[in-house]
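Below is one structure, written out as structure tokens, with a few remarks after it.
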Amino acid sequence: MWYSILLFLPVLLLFFRRHYYSRNPKKPNLPPGPKPWPIIGNLNLIGPLPHISIHSLSRKYGPLMHLKFGFDSVVVGSSVEVAELLLKTHDLSFSSRPQLLAGKYLTYDYTGMGTAPYSPYWRQARKICVMELLSPKRLDQFEYMRVEERKLFLHDMFKSCSMPVQLKDRLYMLNLSTMSRMVLGKRYTEEDENNIVTPKEFTEMLEELFLVHGTLDIGDAIPWLAPLDLQGHVKRMKDVNRKLDRFYEHILDERYARKKSGKDQGVNDMVDVLVQFADDPTLEVKLERHQLKAIIQDLLTAGTDTSALNVEWAMSLLLKNPEAIQKATEELDRVIGRDRWVQEKDIVNLPYMQAIVKETMRLHPVVPLLIPRVAREDCKVAGYDILKNSRVLINIWTIGRDPTIWEKPNEFWPDRFIGKDIDVKGHDYELLPFGSGRRMCLGYGLGLKLVQSSLANLLHGFEWKLPGDMKRQDLDMEERFGLTTCKKNPLVVVPTKPRLPHHLYS
């Protein structure tokens with residue numbers, strides 16, 4: 001019997017193939033791309049740095065390219081023109097997110113702002129973030145927290161003068177302390193017997209969250225392998241989510257207990273704002289408890305890792321180009337003087353400092369392929385068919401090094417931005433570190449504040465050198481891909497001496 005079925009199977013396949021094409025005579029006109037292998041698609045062509053592998057493929061197949069990642073169709077844009085088509089002209093068609101395993105197990109079943117599909121819930125949550133949680137007024141309200149945390153950070157750097165420091169770790173703790181206060185109302189990075197977690201547990205949970213969120217799971221590309229959890233990623237996701245969920249439950253229980261007791265003292269942090277909205281009967285979509293936890297997690301982690309990496313990349317580039325450090329410190333001395341620290345409101349008067357940050361984000365974007373989008377419907381882009389449920393990637397690493405746009409594209413040259421009206425707010429498609437359109441990073445304003453103020457004060461407050469006899473030519477700029485793209489070998493640097501009066505570091 002089975003032998004007969006096996007013999008008949010090719011006939012069945014041929015029948016269904018002919019039947020399908022008789023009903024669908026016109027094959028879709030997909031963008032050009034390499035021929036996929038069965039099951040794995042084009043995954044064999046993707047190396048440890050996917051943005052560079054995809055860059056090489058786009059040079060052969062063009063700025064709008066079609067790939068297969070397992071069973072998933074993937075469309076990649078690698079030019080300014082295509083980026084504008086995908087993120088502006090057809091923004092609504094590509095305004096959803098793919099449902100990956102990390103979104104399911106780490107962001108409360110796709111209710112995080114970065115993983116939620118386009119829906120009434122997402123539109124409402126986005127509005128709350130833009131108009132309330134991350135509005136300029138709210139960020140101004142919490143500026144004193146950022147100033148206090150930055151002063152503690154600079155004080156610690158002062159105590160480390162003449163000693164090698166791993167800069168990213170210091171910056172990460174600065175950002176985590178800052179976000180902890182702004183979101184949760186207290187610093188969970190220091191010992192407190194009233195805290196539900198120790199500082200070590202708090203940082204380890206979030207580090208594991210970043211790590212496992214950035215892993216590439218074979219189950220996302222080949223869905224029938226997902227239940228097997230061959231790489232063990234799903235188990236790790238569930239484990240860290242269980243720990244974090246206990247923490248978020250405690251935070252919410254505290255807030256509601258305080259509110260019930262009548263001891264509520266208004267809005268002191270972002271969780272207070274969220275709790276107010278959760279109790280608002282006029283909301284179009286009621287905010288459920290699991291959605292509150294997803295948004296709290298987004299806010300807590302927003303900018304923590306990416307801002308630290310941006311400053312680390314900037315310092316690495318500056319140490320390889322000491323003439324840029326000299327220009328930056330001359331500007332700081334001229335505009336700020338040597339009797340105070342740089343404030344956030346000063347940045348607008350520091351065009352060269354702004355140019356350094358833009359140039360860093362051009363050369364080393366920490367999310368080089370942006371966060372994947374997904375097509376909500378069939379549509380045509382540049383004459384090609386993009387099918388519903390196709391994933392959409394924008395290779396901003398390629399755009400940032402396009403010789404038709406940038407003079408000396410592979411060189412660190414901040415002066416290219418002086419006098420040029422190019423910003424990072426999603427309007428200029430040659431520079432998109434935060435994305436563009438409906439799914440642009442909602443926290444870009446806060447992220448810029450963290451990066452610019454940290455970098456400016458590091459340069460204003462200290463002179464720097466590489467450890468030992470290390471020369472600037474020996475400083476490698478290799479990348480490591482993950483949820484964010486960081487330096488393969490973290491930057492170790494020595495703050496040699498303070499540039500400002502000693503009382504400012506106390």
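The values are calculated or read from the model by the stated rules, or taken from the named source; none is laboratory data. All values derive from a computational prediction rather than experimental measurement. Positions of Cβ are backbone-derived with ideal geometry, glycine not excepted, and every protein chain shown enters the neighbour counts.
Okay, here's what the table says:
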read-out: Enumeration of residues in segment 339-366 that are part of a loop (DSSP other than H, G, I, E, B), surrounded by fewer than 20 Cβ atoms within 10 Å (Cβ to Cβ) and within 25 Å of the chain's Cα centre (by Cα); value: Q343
read-out: Pairs with Cβ under 8 Å, 6+ apart, first in segment 432-443 and among the aromatic types (F, W, Y), second not in a helix (DSSP H, G or I); value: F434/V424; F434/K425; F434/G426; F434/M440; F434/C441
read-out: Condition check for G426: outside any helix (DSSP H, G or I), in contact with a strand residue (DSSP E or B) (Cβ under 9 Å, 6 or more places away or on another chain), surrounded by 15 or more Cβ atoms within 10 Å (Cβ to Cβ) and small (G, A, S); value: no
read-out: For T215: the one exception among (1) under 20 Å from M270 (Cβ atoms); (2) not in a helix (DSSP H, G or I); (3) not hydrophobic (A, V, I, L, M, F, W, C); value: (1)
read-out: Out of F158, F153, F210, F202, sole residue that is in contact with an Asp or Glu (Cβ under 7 Å, 6 or more places away or on another chain), of a type outside the set (A, V, I, L, M) and either within 17 Å of L458 (Cβ to Cβ) or in a helix (DSSP H, G or I) (or both); value: F210
read-out: Any pair with Cβ under 9 angstrom, 6 or more apart, that starts in segment 224-244 at a residue that is within 19 Å of F69 (Cα to Cα) and ends at one that is among the aromatic types (F, W, Y) and crowded, with 18+ Cβ neighbours inside 10 Å; value: H233/Y105
read-out: Number of the exception - T115 against (1) assigned to a loop (DSSP other than H, G, I, E, B); (2) in contact (Cβ under 8 Å) with a residue 24 or more places away in the chain; (3) on the phi < 0 side of the Ramachandran plot; value: (2)
read-out: Residue list for segment 376-385, filter: over 20 Å from M113 (Cβ atoms) and either touching a helix residue (DSSP H, G or I) at 6+ places or on another chain (Cβ under 8 Å) or at pLDDT below 95 (or both); value: E377, C379, V381, A382
read-out: Members of segment 429-467 found to be among the basic types (K, R) and surrounded by fewer than 21 Cβ atoms within 10 Å (Cβ to Cβ), listed by number; value: R438, K449, K465
read-out: Enumeration of residues in segment 228-254 that are surrounded by 15 or more Cβ atoms within 10 Å (Cβ to Cβ), in a helix (DSSP H, G or I) and either in contact with a Gly (Cβ under 9 Å, 6 or more places away or on another chain) or among the β-branched types (V, I, T) (or both); value: H233, V234, V240, I251
read-out: Top-ranked residue of segment 161-187 - restricted to ones that are among the charged types (D, E, K, R) and without any contact (Cβ under 8 Å) to a residue 60 or more places away in the chain, ranked as farthest from V451 (Cα to Cα); value: K186
read-out: Residues satisfying the stated conditions in segment 65-107, i.e. small (G, A, S) and at negative phi; value: S73, G77, S78, S79, A83, S93, S95, S96, A102, G103
read-out: Pairs where the first residue, in segment 468-489, is surrounded by 12 or more Cβ atoms within 10 Å (Cβ to Cβ) and the second is of a type in the set (G, A, S), C-beta under 6 Å, 6+ apart; value: G482/G214; L483/G214
read-out: Matching residues in segment 329-370 - criterion: being free of Cβ contacts under 8 Å to residues at least 12 places away in the same chain and aliphatic (A, V, I, L, M); value: V348
read-out: Identity of the residue in segment 272-287, in contact (Cβ under 8 Å) with a residue 24 or more places away in the chain and over 24 Å from the mean Cα position of the chain (by Cα), that ends up surrounded by the fewest Cβ atoms within 10 Å (Cβ to Cβ); value: E284
read-out: Residues located in segment 82-106, provided they are under 20 Å from the mean Cα position of the chain (by Cα), hydroxyl-bearing (S, T, Y) and in a helix (DSSP H, G or I); value: Y105
